[in-house]
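S.K.: Could you have a look at this structure, given as structure tokens, before my questions?
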Amino acid sequence: MKTKLMTLVAAAAATASVFAEEEFNYTPGEGLSYGEQPIVSAEFEVKFDSKYITYGVMDGMDPIARLNGYVTFFDWWYVGAEILTDLTKGNGKRTPYGYGNRAGKLMTLDAATGIAHEFDLGEALGKLAVDFYYTYEYLPRHAGTMNDTQYLDLELQLKDLWLEPKLWIERDLMADEGTYVNLELGHGFKIEAIEGLTLRPSIAQGLGNSLRTKGYFSDVADGFSHGGLMDTTVKGELEYEFTDWLTFGAYVAYYDYLFDSNMRDAARAYNAQWGKSCDRSYNFVCGVSVKATF
């Protein structure tokens, strides 16, 4: 009995010694950790886009601002939100929804929670980033109609491959109950002349089932219920790491409906709601951003 007690005491002392060697650490850009275990980190970002684009078509032809913040616990679970605001009164006056002058006012609120983690798949494939999340979206500008919806999304990305494939699957749970899939291929190049600067070109293709495309295009194309290839995106992104926790970004993107003539006509009609000058299936957009991680 005495021997067992001494053994337990020794084991407890050894465990206490191990924990005593661990301590809380804060690293800018990585958050708070206990030893090697991440505890909490946070990310805040401000973005400005020259147009409001969703699924390759215009939901606003004038500039918008996006403000988002997310807090992650134990490198697994996160909560956060993104708000979108108009920067001018033009979107409100020209919008097909007729919601008036909302310059500087809330246009969209997306509240989200999800599980995100990276898994090591070995030397051949590298790390797989998995992000599964729920979003509640509130659109006050659509007062008098359905002004909210919910989504379930899954994002998968192989970050260590040269082409960095990324698959995004989205299911709308309320508005149209449709499904949207997007596959992106891109690669980041370090600009050797400027330390901390990265250029990332990418190309992506979207696909929507009949419920998703009908939900988006039936108002502008009577009887439209044709699923298929939707938006093609060609994008170039610049990112500059000013410090370990502060990053500046900029991008330019081209959106079009290239592979389906019916879908292309529907996209042209959707964009044309913003005026005769927008009667086209394609859009050029640019933007800038500032991101801080803690």
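The values are calculated or read from the model by the stated rules, or taken from the named source; none is laboratory data. Keep in mind that this is a model prediction, so the values were computed, not measured. Quick reminder, even Gly has a Cβ in these numbers, built from the backbone with ideal geometry, and neighbours come from all protein chains shown. These area figures cover heavy atoms from the full protein model, side chains too; ligands, DNA and RNA do not enter into them. Shrake-Rupley method; radii C 1.70, N 1.55, O 1.52, S 1.80 Å.
S.K.: Report the dimensions of region 154-236 along its three principal axes from the alpha-carbon atoms, largest first, rounded to Å.
M.R.: Ordered largest first, region 154-236 gives principal extents of 54, 23, 18 Å.
S.K.: In Å, what Kirkwood hydrodynamic radius results for region 148-193 from the alpha-carbon pair distances? Present the calculation step by step, with values, prior to reporting the outcome.
M.R.: Values: mean 1/r = 0.0801 Å⁻¹.
One over the average 1/r among Cα pairs gives 12.5 Å for region 148-193.
S.K.: Give me the accessible area per residue for region 116-250, probe 1.4 Å, as a whole number in Å².
M.R.: Heavy-atom SASA per residue in region 116-250 reads 56 Å².
S.K.: Now for a separate question. Just to check I understand the Karplus step: with θ = phi - 60° and J = 6.51 cos²θ - 1.76 cosθ + 1.60, what whole-Hz values come out for region 221-230, glycine and proline as x?
M.R.: Coupling constants for region 221-230: 9, 3, x, 5, 8, 10, x, x, 5, 9 Hz.
S.K.: Excluding TYR180 itself, what net charge comes from residues whose Cβ is under 9 Å from its Cβ, given Lys and Arg +1 and Asp and Glu -1? Mind showing how you got there, number by number?
M.R.: Working: positive: ARG171, ARG212; negative: GLU170, ASP172.
Taking every Cβ under 9 Å from that of TYR180, the sum is 0.
S.K.: With the chain treated as a Gaussian network of Cα nodes joined by springs under 10 Å, which of TYR26, TYR138, TYR254 yields the largest mean-square fluctuation?
M.R.: For the chain, modelled as a Gaussian network with Cα springs under 10 Å, the answer is TYR26.
S.K.: If you place +1 on the Cβ of every Lys and Arg, -1 on the Cβ of every Asp and Glu, and leave all else neutral, what size is the dipole of region 138-212 about its Cα centre, to the nearest 20 Debye? Walk me through the numbers on the way to the answer.
M.R.: Working: 7 positive and 12 negative charges, 26 e Å.
Here the size comes out at about 120 debye.
S.K.: Follow-up. When only Cα pairs under 8 Å and 6 or more residues apart are kept, what is the percent relative contact order across the chain? Show your work: numbers first, answer last.
M.R.: Numbers: 730 pairs, mean separation 44.2, N = 294.
It comes to 15 percent, rounded to a whole number.
S.K.: Give me the net charge for the shell around GLU239: Cβ to Cβ below 11 angstrom, other residues only, Lys and Arg +1, Asp and Glu -1.
M.R.: Working: positive: LYS190, ARG200, LYS291; negative: GLU237, GLU241.
Value of the local net charge: +1.
S.K.: Could you calculate the FRET efficiency of LEU67 with THR198 from 1/(1 + (r/R0)^6), where r is the beta carbon distance between them and R0 is 25 Å, rounded to 0.05?
M.R.: Working: r = 23 Å, r/R0 = 0.94.
Efficiency computed from Cβ-Cβ geometry: 0.60.
S.K.: What net charge is computed for the residues neighbouring SER281, neighbours being all others with C-beta under 14 Å from the C-beta of SER281, Lys and Arg scored +1, Asp and Glu -1? Don't skip to the end; give the middle numbers.
M.R.: Values: positive: ARG264, ARG268, ARG280; negative: ASP231, ASP256, ASP260, ASP265, ASP279.
Net local charge, SER281 excluded: -2.
S.K.: Quick one: which of 112-121, 53-62 comes out on top by average Cβ neighbours within 10 Å, and what's the full order, highest first? Present the calculation step by step, with values, prior to reporting the outcome.
M.R.: Working: 112-121: 14.1, 53-62: 21.9.
Sorting 112-121, 53-62 by mean packing, highest first, produces 53-62, 112-121.
S.K.: Taking a 29 Å limit on the Cα-Cα distance, which of the listed pairs LYS127/LYS291; LYS235/LYS276; LYS214/LYS276; LYS51/LYS127 fall beyond it? Kindly include the intermediate steps, with their values, before the conclusion.
M.R.: On the way: LYS127/LYS291 23 Å; LYS235/LYS276 26 Å; LYS214/LYS276 23 Å; LYS51/LYS127 34 Å.
Correct reply: LYS51/LYS127.
S.K.: Could you state how much accessible area TRP77 has, in square angstrom rounded to the nearest 10, with a 1.4 Å probe and all protein chains kept in place?
M.R.: Accessible area, nearest 10 Å²: 120 Å².
S.K.: Hey, what number do you get for the chain at 222 nm if only DSSP H runs of n ≥ 4 count, each worth -39500 (n - 2.57), divided across all residues, to the nearest 500?
M.R.: On the way: 4 runs with 45 residues, N = 294.
Helices in the chain give a 222 nm mean residue ellipticity of -4500 deg cm²/dmol.
S.K.: Here is a follow-up. Show me the three semi-axes of the equivalent ellipsoid for the chain, from the C-alpha gyration tensor (sqrt of 5 times each eigenvalue), largest first, rounded to whole Å.
M.R.: Computed over the chain, the values are 43, 21, 20 Å.
S.K.: Dipole of the chain, Cα-centred, from +1 at each Lys and Arg C-beta and -1 at each Asp and Glu C-beta, to the nearest 20 debye?
M.R.: Working: 25 positive and 42 negative charges, 194 e Å.
In debye, rounded to 20, the chain gives about 940.
S.K.: How high is the FRET efficiency from LEU125 to PHE24, r the C-beta distance, R0 30 Å, rounded to 0.05? The partial results should precede the final answer.
M.R.: Details: r = 34 Å, r/R0 = 1.12.
Computed FRET efficiency for LEU125 and PHE24: 0.35.
S.K.: Arranged from highest to lowest average of other beta-carbon atoms within 10 Å per residue, in what order do the peptides 189-197, 125-133 appear?
M.R.: The most tightly packed comes first, giving 125-133, 189-197.
S.K.: Expressed in whole Å with the largest first, what are the equivalent ellipsoid semi-axes of region 238-292 derived from the C-alpha gyration tensor as the square root of 5 times each eigenvalue?
M.R.: Numbers: eigenvalues 235, 29, 11 Å².
Working from the Cα gyration tensor, I get semi-axes of 34, 12, 7 Å.
S.K.: May I pose another question? Per-residue accessible area for ARG171 at 1.4 Å probe radius, Å² rounded to 10?
M.R.: Rounded to the nearest 10, the figure is 110 Å².
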